[in-house]
Amino acid sequence: MAQKLNPGELFPNLTLSLLNGDSLNLPQDLDSPMTIALFYRGHW
């Protein structure tokens, strides 16, 4: 089971593969420390 973040905890480092072949490193590649990330699993 995934662990939840508690107030004040840092977001873990993640590398996501994008559809165009690039990757996105979270949270390093974000422009602002106040960001919402929405993960869409698509159609199964």
*Any residue in the range 1-24 that's without any contact (Cβ under 8 Å) to a residue 12 or more places away in the chain and within 16 Å of Ala37 (Cα to Cα): show its pairings with residues that are surrounded by 10 or more Cβ atoms within 10 Å (Cβ to Cβ) and among the charged types (D, E, K, R) at Cβ separation under 9 Å, as long as the two are six or more apart or on different chains.*
Ser23/Asp29
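Looking only at the chain, count every residue that is assigned to a strand (DSSP E or B) and either exposed (fewer than 10 other Cβ atoms within 10 Å of the Cβ) or small (Gly, Ala, Ser) (or both) and tell me the total. Break it down into steps so the answer makes sense when it comes.
Filtering the chain for residues assigned to a strand (DSSP E or B) gives 14-17, 23-26.
Checking the rest, the ones that are also either exposed (fewer than 10 other Cβ atoms within 10 Å of the Cβ) or small (Gly, Ala, Ser) (or both) come to 17, 23.
Total satisfying the criteria: 2.
Coordinate-derived values only; no laboratory data. Values in this document were obtained by computation on a predicted structure and should not be read as measured data. Methodologically, a virtual Cβ is constructed for each residue, glycine included, from the backbone with ideal geometry; neighbour enumeration extends over all protein chains shown.
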